[in-house]
Each structure stands twice: as C-alpha cells, then as structure tokens.
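The values are calculated or read from the model by the stated rules, or taken from the named source; none is laboratory data. Remember, it's a predicted structure, so these values are computed and weren't measured experimentally. No Cβ is skipped: glycine too gets one built from the backbone with ideal geometry, and neighbour counts run over all protein chains shown.
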Amino acid sequence: MGAREDEYDYLFKVVLIGDSGVGKSNLLSRFTRNEFNLESKSTIGVEFATRSIEVDGKTIKAQIWDTAGQERYRAITSAYYRGAVGALLVYDIAKHLTYENVERWLRELRDHADQNIVIMLVGNKSDLRHLRSVPTDEAKLFAERNGLSFIETSALDSTNVETAFQNILTEIYRIVSQKQIRDPPEGDVIRPSNVEPIDVKPTVTADVRKQCCQ
Amino acid sequence: MDATPSSKFSDVDEYGFKRGDHFDYNNYSKFMDGYLKTLTRRRMKWEAILQQNTDLTQVDAKLKRYIRKGIPGPYRPDVWMKISGAAAAQRRSPDLFRNLLRNEPFDKEISDSISIDLPRTFPDNIHFDTKKQRLYNILIAYAHHNRDVGYCQGLNYIAGLLLIVTDDEEKSFWLLKHIVENIVPQYHSHNMANLLRDLAVFRDLVIRRIPAVNRHVDNLGLPYPVIASKWFICIFAEVLPVETVLRIWDCVFAEGYKIVFRAALAMFVTHKNAILGCDDIAALANLFRDTMIQDNIVTDCHGFVEAMFSLRLKRSELESLRKVAVLNPA
C-alpha cells in the first residue's frame, strides 16, 4: 500500500446480491483480500470493502457492498442500491432454487436501483462439478435474454473471480467514459433532457486524482 | 500475535471460541491480572446474595448494581431466567417448547434457511459442532411459535450464544423469546420496522451527544444501517468479544432495551478519536468492522460497561426520539 492508495480516476459502487448462502461474502473477500473462508459466517446487515484496479491506464476504485441474502433484510438496504452502477447477481450452481430466485432479484433491482445499472449474472461454486444443478448453457441463455453479462466463478478455487470483477468494472468504465465524451461534466449547463444521466456524484467520481495544487 | 509459550492463556477462550490471529495476549494478560480479582470478589458477593434467597424477579437498586458489575458465569443461566421474567413465562406454559418440537413436519422454507445458517454460526467455536442440532431445535421451535418473525438471520447468533451460556435448549428458547418479543420487539419481523426506527433514534443520539462525530460519519457517507444493523439485530453477539457481550446481556435482561442504546452509544463515544481519524469511507467501514470490535477498549469488558453507564441516557429521551423516528426511519 503506497501513498497512491487513495488516488483514483473513477469510483464505482457495485452491489452483491443473491440468495442466502450462495457465496457473496466469499466472492468479496476473494476479490478484495484474496481470502476464502471455509468457516464462513452468515452476513448480518451490510458489509463493505474496496479494491482498486487498472483499466486503460486509469485507476478504478471499486466500492463493493455485500448484504444478508434473506428477503426481509431488503427493508434495511434501501440505501444499499443508491448510487450503485453495477450489480453482481449471484446464485449457487449447485442449488437450483437460488437460480430460480434470480428473477426476483432482477425485479428488486428494477424497483430500487438506477435503471442504467450494469448487471452481471454470476454462477458461483463452479468447483462443485459433481453437484451442479444449473446447466451453464441455460444460465447463459437466460442472461442473454435479459441483457445481463454472465460468468461462472469459484470463490473457493479463485476461478474467474478476478475476471468477473474486471469485466463488470471495465463495462461500467466504458459506459461512463463514453458518456463523458458525449456529455462532459464541465458542460452540464445545457444537458439534453432525453439523456438519462448515471448519477456521477458522489459514487462515480471522475478525475478526482489528487493534485498538488489542490 | 502468537500464543507464545510464556502466555498463560490458551488460544481458545473459556467459551470455546478460538482467539484470532490478532488477539493481543499481552494486553489481555494485563487486563486479566486486575479482572480476575474482580471476578473472585464478585463471585463471593453473588454467593452471599443467592444464599439469602433474594427474590431475583424484583430488580431493586442493589441487585441492579450487582448485575451491572457482572453476573458470575455459573449463575448466569438461572439469574437471566429469573430477572428477565423468562422463568415465570416458562412456568405458565411448561410444555410449550416440547410441543413445538413435536409439530413436524416443519415449514420447509424456514427449515432450509435455518439449515443454511447452522454451519455458519460460530464456526470459530470448538464446541459448536456438537451443538448444531440443539441450535436447530431452538430456532425451528421459535420460528413456528412466532410466525410473524419466523426465522430471521441473526437469531442464530443470539440463540447460539444463549446455548453456549445455558447449555440448555429450553432455557435458550425462553430467553430468545424474551429478547425477540420483549426487549427488541419488531426488530426481527418481516418489515424490521422497529429496527429502522431505532437506527434512526441512535443516529439522533449521536447527533445530540457527539455532533462532530455524526458530521464526520455523514461526510464520509457511511449510512448508520451499515454501521449498526448488526449491533441491534444481534444485540452485539458475534460483534463484540464474548465476555463483553455477556456483560451487556446481564444488564439487558435486568434493565431492557435502553442498555442496547447505551452500548451502541458507548461504542461511538469511546472511539470518538478513531472515528474522527478516518479520512475515507473505506477506513471508516474497516474501523467498524475489524478494528473497533476487537480492540482493547471493548476487550476490557469491565471498562466498557463502566463507559456505558457513565453516559447520560434516560428512557424518556429514547421514547420521545422514537416517536419522531417512526415518521422518519433510518
């Protein structure tokens, strides 16, 4: 950790959602601390961690929020979706019910999140080959039909965890940087009303690299 | 820090919890040097009280003082049952718990969600493997007894700790029922209405007592539900070191919900400088998740409870804040 730890070009808030026990917390700890805990504990309330990655020479700081999967906890997570530009919707490839509930989570996102939120469907626990109950092709097709990107991961053996986060952060970056070209922050006095802005403050903060003159 | 050969403490505590890699044995040793004497004195005083057949269902000023200083471990199950009124409730429905367990088949959705959490309850406790079926019994019985709550994640930690302390399913059931229905009603129900209200009340308290801390937390953008949901839902179980939780629970069973606010506020007050020292949201989140919940301030359970009771806090203030917060929850 150097002095540049707090310097970043973009700050993206990403939420982890999905049923209880699908491995959200371990995906988070695998990505942010490269840790996996076999003796994991149920998440109560909301947890939170950050990690920075590089895309196109830009530093992107991901602020990742993790929450309890139980339905009633949505009562306390109204703040959870606010300002989120990405969502990893996680299910367990060995538990079909957690995949069936994906539709319910999509509705939850439609109701509470920004309509431009980038969603990635994540089939976790891909290491449990012998227990698989959700075929990869089926989930992939579902994702395509619903305009989601798709990946299978294993937080346990690390497969695709890095890629999953890299991909969604890159996708968000492309969208946000495109938007800046079309719609530069300095020129927002006249903003075309038909363009739905991604909320760029305070969770997507462009060009905040600290400078000596500040 | 390792448990060096010179350390007189095992890497597992008296309740069976493994001490983490960061456990500060030196500091704990310093704390225990003093605390062991306190424990001995306390035990003698409690022996005297219990020999006099004191009526533990009436918590008078003297008993309250004793309880605030900590109930000795071996007496906890019975004293908790009596001071809370759980023992009286059990006497009124002596067959309730066993009858609930006879009510098979259980609701599958509830049973499944409890089962997901069983291996995820205190995996760091070496005795807990053998207690899982008993924890299941407590949770499934309660879920069918109170359909408005059913099973709420977090109750596994409360019931789990009750089971560790009492080593008795039925007592744990009655104490759990008391907490969920009388101490913090509507925290664990489907809409979590009172939890949202009390998180808002807690924020108001911080604004009143330590406004600079609240401003800083607001500026960094960490919402109170992120900080404190687990504190309130679990009444600090699986949040603070176990001995500190038990000292808090001693007072919760005697004095009620106000103690939960005292503990939460004491967390903020005793860590005021640490909170103000955080310069971004990640550092602040980290402070609340890792640093502050295992540091010396909270490990010194005696000092922490003293800090809780040095705070000015009246039930009437909480009640009036609650009235406002109902209209404007967290």
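Got at least one residue in segment B:91-100 being buried (at least 20 other Cβ atoms within 10 Å of the Cβ) and not assigned by the TED database to the domain that holds B:Ala237? Taking every residue of segment B:91-100 in turn, at least one turns out to be buried (at least 20 other Cβ atoms within 10 Å of the Cβ) and not assigned by the TED database to the domain that holds B:Ala237. For segment B:219-229, filtered to residues that are of a type outside the set (Gly, Ala, Ser) and touching a helix residue (DSSP H, G or I) at 6+ places or on another chain (Cβ under 9 Å), the residue that is surrounded by the fewest Cβ atoms within 10 Å (Cβ to Cβ) is B:Leu220. When segment B:192-208 is limited to residues that are within 14 Å of B:Glu319 (Cα to Cα) and away from chain A (no Cβ under 14 Å), the one that is surrounded by the most Cβ atoms within 10 Å (Cβ to Cβ) turns out to be B:Val201. Does segment B:284-304 contain at least one residue that is touching a Gly at 6+ places or on another chain (Cβ under 8 Å), within 30 Å of A:Ala62 (Cβ to Cβ) and within 14 Å of chain A (Cβ to nearest Cβ)? For segment B:284-304, residues touching a Gly at 6+ places or on another chain (Cβ under 8 Å), within 30 Å of A:Ala62 (Cβ to Cβ) and within 14 Å of chain A (Cβ to nearest Cβ): absent.
Among the criteria (1) more than 12 Å from chain B (Cβ to nearest Cβ); (2) more than 14 Å from the chain's Cα centre (by Cα); (3) touching a residue at least 24 places away in the same chain (Cβ under 8 Å), the one A:Gly57 does not fulfil is (3).
Residue-level check: of (1) among the polar types (S, T, N, Q); (2) farther than 24 Å from B:Lys323 by Cα; (3) away from chain A (no Cβ under 14 Å), B:Asn219 misses just (3). Within segment A:36-47, residues that are more than 7 Å from every other protein chain (Cβ to nearest Cβ) reach partners that are surrounded by 17 or more Cβ atoms within 10 Å (Cβ to Cβ) and among the polar types (S, T, N, Q) with beta carbons closer than 6 Å, at six or more positions or on different chains, in the pairs A:Phe36/A:Asn26; A:Thr43/A:Ser25. Suppose we filter segment B:116-143 for residues that are within 14 Å of chain A (Cβ to nearest Cβ), in a helix (DSSP H, G or I) and touching a Phe, Trp or Tyr at 6+ places or on another chain (Cβ under 7 Å); how many remain? Adding up the residues that qualify gives 3. If only residues of segment A:110-142 that are more than 17 Å from the chain's Cα centre (by Cα) and not in a helix (DSSP H, G or I) are counted, the one that is surrounded by the most Cβ atoms within 10 Å (Cβ to Cβ) is A:Lys125. Can A:Glu71 be described as touching a Lys or Arg at 6+ places or on another chain (Cβ under 8 Å), within 10 Å of chain B (Cβ to nearest Cβ) and within 21 Å of B:Leu155 (Cα to Cα)? So A:Glu71 fails the test. Across segment A:75-101, the number of residues qualifying as more than 15 Å from the chain's Cα centre (by Cα), at pLDDT 95 or above, β-branched (Val, Ile, Thr) and not in a loop (DSSP other than H, G, I, E, B) comes to 1.
Can you work out which of the residues in segment B:272-330 that are in a loop (DSSP other than H, G, I, E, B) and among the small types (Gly, Ala, Ser) is nearest to B:Phe31 (Cα to Cα)? Top of the filtered list is B:Ser310.
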